1. Work out from phi, with θ = phi - 60° and the Karplus expression 6.51 cos²θ - 1.76 cosθ + 1.60, the ³J(HN,Hα) of each residue of region 85-91, listed in order in whole Hz, and give x for Gly and Pro.
2. Below 14 angstrom from the Cβ of Ala196, what's the summed charge of the other residues (Lys, Arg +1; Asp, Glu -1)?
3. Of all the C-alpha pairs in region 40-150, what % are more than 25 Å from each other?
4. Starting at 0 and stepping by 5 Å, how many percent of the alpha carbon pairs of region 80-209 end up in each bin?
5. Quick check: net charge around Ser54, other residues with Cβ under 15 Å of its Cβ, Lys/Arg +1 and Asp/Glu -1?
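None of the figures in this text is laboratory data; all of them are computed from the coordinates on show. Everything numeric in this text was worked out from a predicted model, so none of it was measured. With ideal geometry, Cβ positions are generated from the backbone for all residues, glycine too; neighbour counts draw on all protein chains shown.
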Amino acid sequence: MSTRSRSLRRFWPCAHPRRFAWERGVLLPLSLVLGVGCRQEMYDQAKAKPLSESTFFANGQNARPLPPDTVARGFLREDKAMYAGIAPSGSFVTELPIPLSRALLERGHERFDIFCSPCHGKQGNGLGMIVQRGFKQPSSFHVDRLRQQPIGYFFDVMTQGFGQMSSYASQVTPQDRWAIAAYLRALQLSQHVPAAELPPEDRQKLAQSARKPEHRPSPGEPK
């Protein structure tokens, strides 16, 4: 018995040289036959790649136009109030079509700072960073014309665009557009809330600041 056979028997008692020869002589060719026989018809099937040339269709294009009135899955959006800001009467909705919550306002605050504040400013006064760098200034959200607009108007502007402002429909989801609109209403209210509607502690602070005399520096005193 060869040294290799003795070593195999030491670690694998059932091993035998003739068995290994049989495996090499039968199993290896069999595995090659099975490998060659694997069918790849799904991979090699006749198909038309998108935007490729066609010799079958009259217009020479494999891409086919969608049938009329086709709607992508998940994009039916029959609720006009939710997805267009339009009431059944055809005018803009005056109330949120989704529940108002603190989480919604916080989400709107976050999205407003990301997408809106570069132009409109974080206070909504139209003095964003790009305006400070020479671009056209948008209107302040605190003017009477915009404070009197229904909330659906702001959703529509974000969806369709307005003037030099492009549409944000592809960047901001409908839910986030409503969150921004809700935060925008809160931002407008923060600048025009009646004093009678403030909490008692805030009314007290307001009264104290009104009674506090304004300090005017004397000549030569640093401002």
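1. Per-residue couplings from phi come out as x, 10, 7, x, 6, x, 8 Hz.
2. Summing Lys/Arg as +1 and Asp/Glu as -1 gives -1.
3. Working: 3446 of 6105 pairs.
Summing the P(r) tail past 25 Å for region 40-150 gives 56 percent.
4. In whole percents, the pair-distance histogram is 2, 10, 18, 22, 20, 13, 8, 5, 2, 0.
5. Net charge in that neighbourhood comes out at +2.
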